[in-house]
């Protein structure tokens, strides 16, 4: 499939949108790391915000203090979440199980 070449203006707009999305995801991960926001709140906001909804669940877990790549993988396996799943793709039961596993009821 051949995509048509983007004009300079379209390319600039796409770059700006991508930069804004990365900035939003980085801010959410920083808030998780500092404890300003809970996983439950991020999941709720992710429903309405495209940038947060596209955040990988493993990245969300790794942003929490004390959870690295290995521990995030173990948590996702226990809860039944695919390693490539993004926040928007989580089902109701997966969200509930993740929040309960982490002990964040709010």
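Checked against (1) in contact (Cβ under 8 Å) with a residue 60 or more places away in the chain; (2) over 20 Å from residue 34 (Cα atoms), residue 99 meets all criteria but (2). Taken as a whole, the structure leaves residue 93 outside the set of residues that are out of contact with any helix residue (DSSP H, G or I) (no Cβ under 8 Å at 6 or more places or on another chain), without any contact (Cβ under 8 Å) to a residue 60 or more places away in the chain and surrounded by 12 or more Cβ atoms within 10 Å (Cβ to Cβ).
Condition test on residue 67, is it over 10 Å from the mean Cα position of the chain (by Cα), buried (at least 17 other Cβ atoms within 10 Å of the Cβ) and either in a helix (DSSP H, G or I) or touching a residue at least 24 places away in the same chain (Cβ under 8 Å) (or both)?
Answer is no for this residue.
Among the conditions (1) surrounded by 13 or more Cβ atoms within 10 Å (Cβ to Cβ); (2) touching a helix residue (DSSP H, G or I) at 6+ places or on another chain (Cβ under 9 Å), residue 36 misses just one, which is (1).
Would you confirm whether or not segment 88-102 contains a residue that is within 16 Å of residue 43 (Cβ to Cβ), in contact with a strand residue (DSSP E or B) (Cβ under 9 Å, 6 or more places away or on another chain) and assigned to a loop (DSSP other than H, G, I, E, B)?
Taking segment 88-102 and keeping what is within 16 Å of residue 43 (Cβ to Cβ), we get 88-102.
Those left that are additionally in contact with a strand residue (DSSP E or B) (Cβ under 9 Å, 6 or more places away or on another chain): none.
Within segment 88-102, none of the residues are within 16 Å of residue 43 (Cβ to Cβ), in contact with a strand residue (DSSP E or B) (Cβ under 9 Å, 6 or more places away or on another chain) and assigned to a loop (DSSP other than H, G, I, E, B).
Is segment 71-83 home to any residue that is assigned to a loop (DSSP other than H, G, I, E, B), surrounded by 15 or more Cβ atoms within 10 Å (Cβ to Cβ) and in contact (Cβ under 8 Å) with a residue 12 or more places away in the chain? For segment 71-83, residues assigned to a loop (DSSP other than H, G, I, E, B), surrounded by 15 or more Cβ atoms within 10 Å (Cβ to Cβ) and in contact (Cβ under 8 Å) with a residue 12 or more places away in the chain: present. Within segment 46-64, can one find any residue that is outside any helix (DSSP H, G or I), loosely packed, with under 12 Cβ neighbours inside 10 Å and at pLDDT below 95? Scanning segment 46-64 turns up no residue that is outside any helix (DSSP H, G or I), loosely packed, with under 12 Cβ neighbours inside 10 Å and at pLDDT below 95. Just one of (1) assigned to a loop (DSSP other than H, G, I, E, B); (2) surrounded by 11 or more Cβ atoms within 10 Å (Cβ to Cβ) fails for residue 26. It is (1).
The values are calculated or read from the model by the stated rules, or taken from the named source; none is laboratory data. Every value quoted in this text rests on a predicted model; they were computed, and no experiment measured them. Quick reminder, even Gly has a Cβ in these numbers, built from the backbone with ideal geometry, and neighbours come from all protein chains shown.
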